[in-house]
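This report concerns only the one structure given below.
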Amino acid sequence: MSDTSAGAPRAGRWAGDGLWVSFEGGDGVGKSTQVALLQQWLADRGRTVVRTREPGGTAVGERIREIVLHHRGHIAPRAEALLYAADRAHHVAEFVVPALERGEVVLQDRYLDSSVAYQGAGRVLDAEQVRGLSLWATGGILPNLTVLLDLDPAVARARMDGDDRPFDRLEAEREEFHVRVREAFLGLAAAEPERFLVVDASLPPEQLAERIRARVEAEIAARG
Ligand code: TYD
């Protein structure tokens, strides 16, 4: 836990019922595959699992997603940061917290670490302010576990080139942007080792899944 800049609440991991796991990393690192594998594994063990994402996850969030990812033309960096934070505020209040309070496992594709990495390091806004904004938006709650899939952006880009779809606004940024994003994620993970699990996303998916399961199992055991 750490104090944040003026006005933002103190950050702390979720302490209530349920289990909240977020997945982070650059574009094209294979998050969706790992979220799906973990979802199946937990469901096989009788847990109720919900899968969600940012931006998106709610009807309002899907509209914000459309703007931040697909608007044609420039969006001012601070406006972009506010749009992600608005999506997050609504998502946490309307979807994530209610699911956790029902005792469910929430597997979430991206959370506030993405804003610190992409809008902070990528767009070069003040990282503490970007984090503070999201903490204000969410009341300061953090996931129980954040899985960071780490991969060289050049390797990730080569993987995405094989996909048959156009790049969105963020994916289309230059390589230097994605290198800064990767470094920011690694810095965040180093600063909060108790919350983060960093995995090498160049490993085969099944090996990655194995490591993630081991940590999730430990987290479940620790929380009783
Ligand atoms: P993602 O859903 O992972 O992309 P896709 O479904 O196309 O693989 O993330 C969408 C993009 O939004 C991604 O490039 C990262 C970016 N992003 C931010 O810049 N800030 C944020 O706070 C979040 C949540 C995502």
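When Lys and Arg each count +1 and Asp and Glu each count -1, what net charge do the other residues less than 15 Å away from residue 67, Cβ to Cβ, add up to? Here the count lands on 0.
Mean-square fluctuations from a GNM of the chain, with a 10 angstrom spring cutoff on Cα atoms, peak among 55, 143, 166 at 166. When shorter helices are ignored and each DSSP H run of at least 4 residues is given -39500 (n - 2.57), the per-residue value for the chain at 222 nm works out to -14500 deg cm²/dmol. Only alpha carbons enter this Debye calculation for the chain, each as an equal point scatterer, and the log10 of I(q)/I(0) it gives at q = 0.08, 0.10, 0.15 Å⁻¹ is -0.26, -0.41, -1.00.
The spacing between segment 153-223 and segment 32-89, judged by their C-alpha centroids, is 15 Å. Full extension of the chain segment joining residue 48 with residue 76 gains 6.1 nm, where the gain is 0.36 nm per residue of separation less the Cα-Cα distance.
Please give the net charge around residue 121, taking every other residue with its beta carbon less than 10 angstrom from that of residue 121, where Lys and Arg add +1 and Asp and Glu add -1. Each step should come with its number before you reach the end.
Details: positive: 123, 180, 182; negative: 183.
Value of the local net charge: +2.
Only the coordinates and a few stated rules stand behind these numbers; no lab work does. Only a predicted model underlies this, so the values are computations on that prediction, with no experimental measurement involved. With ideal geometry, Cβ positions are generated from the backbone for all residues, glycine too; neighbour counts draw on all protein chains shown.
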